[in-house]
């Protein structure tokens, strides 16, 4: 208990961190033992300065009691816990840009501090993928005066010409100074790709031919639509290798040559089939560099050089003989059929010639191998000279529409007679006139003689007609060459009407087959003598006078 009042003064409070509700305390001799309370209130300074410690100084006591006067109580240490956190707020936290100029090409975000710094704060911006975007500021400065005023950063998308899809990256913000050392934040950015992985072919359609020469090959170029992220391999294949082949079989594009066109050659294939112009495709499939499964194609038409046809050789000239002599011709297809082709064969005159075989069948395997047909002469025991007949080739039968119904050429054959005789071109119907009009006929032997044959020609009535030459000679070399005979009418000055006479042919030879052979040609000589009325009157007078 003091003998006098004791006063203790309180001081030293950091007004930015706290306040006290009393600046002094007085104890009397009646309340000396009653504790007095001092309340300290923390102050919010909006500064991210962490916990702050300060001291409330209790001054030496002032009192008339010498026992208390000058007595210095302990000071009080106070810690003001900070409620301000050093932080960076970005808004929005994610943005999108586009590679293409125009709407969306740029995007912005704002930056502000979460709490007042103790000094100037520098925020560095980094991490930008220069191939995808750029920023208009690389650092921001905040002071204790503007810390709560947002600053704007603008991000611009970069067009990289690479088909790399939408690319995500971050803009990193790192602070230093003013109590913000190592405080960080980030903004997520997506740069929308405007490059589409694609393959351009030019032209999109080409034409080849099966035949070598002009047009046998065709070319097109290939180029990527966008820069790849790595090497791109394009595999090329023909959808129908029976019609066309492609070279090379693959192309490689790199990030360096992606926009340099490469040439591809297509070569038509000759399939020997008359299948018309065939359409097919050259298919392109990419892999690697962001081009996986990207495809393209080129339409190709391979022009056919094959025509469905049946070649018969020869179609005329073959000769058979009645002695059983044979002749042959061949048949072959001009193009490969898609199914068997059957051709029936027949003789137009089986009394002169027979054929073997009676039908031919060509398959897709042996279509270009000629097949031989044999024609054998038939002996008819008739002196009819060489006879012409036809081997009839029927219309083809096949499931191949190109060959079905195709009608090959028939073959003309001559069957040589083996019956010795004299063959004249006309044995009747010839006419001469008394005015010297002529008629002709030809003579030929029916078989080859073993010795010269002389044929004497005589008119049965030289008063009506004469024959020239008087004889014909045939040898083993010219026996089948027709010789011409001319008959000339004779004027007899008589009104005897039209007269029929004969030209008689008789052979002589050491070849017993021909010696004595004969033939005859009937000729009519037209009269040109007609009695007029004057002549009749005179004759009548003479006859009357005699009466």
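Listing for the model above:
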| quantity | calculated |
| --- | --- |
| Matching residues, the stretch 314-342, being part of a strand (DSSP E or B) and either under 30 Å from residue 383 (Cβ atoms) or in the same structural domain as residue 446 (by TED's automatic domain parsing) (or both) | 319, 320, 321, 326, 327, 328, 329 |
| Residues that are within 38 Å of the chain's Cα centre (by Cα), closer than 30 Å to residue 135 by Cα and outside any strand (DSSP E or B), drawn from the stretch 169-209 | 193, 194, 195, 196, 197 |
| Unique residue being surrounded by 14 or more Cβ atoms within 10 Å (Cβ to Cβ) and touching a residue at least 40 places away in the same chain (Cβ under 8 Å) when the list is 64, 18 | 18 |
| From the options 97, 85, 53, 79, residue that is in a strand (DSSP E or B) and surrounded by fewer than 12 Cβ atoms within 10 Å (Cβ to Cβ) | 53 |
| Number of positions in the stretch 434-451 that are in contact (Cβ under 8 Å) with a residue 40 or more places away in the chain, assigned to a loop (DSSP other than H, G, I, E, B) and buried (at least 16 other Cβ atoms within 10 Å of the Cβ) | 4 |
| Residue within the stretch 318-328 that is surrounded by fewer than 17 Cβ atoms within 10 Å (Cβ to Cβ), in contact with a strand residue (DSSP E or B) (Cβ under 9 Å, 6 or more places away or on another chain) and at positive phi present | yes |
| Residue in the stretch 458-468 that is in a strand (DSSP E or B) and more than 16 Å from residue 438 (Cβ to Cβ) present | yes |
| Residue check for residue 205: modelled with pLDDT of 95 or more and more than 30 Å from residue 297 (Cα to Cα) | no |
| Unique match (being more than 30 Å from residue 527 (Cβ to Cβ) and in the same structural domain as residue 491 (by TED's automatic domain parsing)) among 379, 452, 399 | 452 |
| Within the stretch 353-402, tally of residues that are at positive phi and in contact (Cβ under 8 Å) with a residue 60 or more places away in the chain | 1 |
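Conditions (1) at pLDDT 95 or above; (2) surrounded by 13 or more Cβ atoms within 10 Å (Cβ to Cβ); (3) farther than 14 Å from residue 412 by Cα, marked per residue:
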| residue | (1), (2), (3) |
| --- | --- |
| 306 | no, yes, yes |
| 342 | yes, yes, yes |
| 365 | yes, no, yes |
| 389 | yes, yes, no |
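The values are calculated or read from the model by the stated rules, or taken from the named source; none is laboratory data. Source: prediction; values computed, not measured. Heads up, the Cβs are rebuilt from the backbone with ideal geometry, glycines too, and the neighbour counts pull from every protein chain shown.
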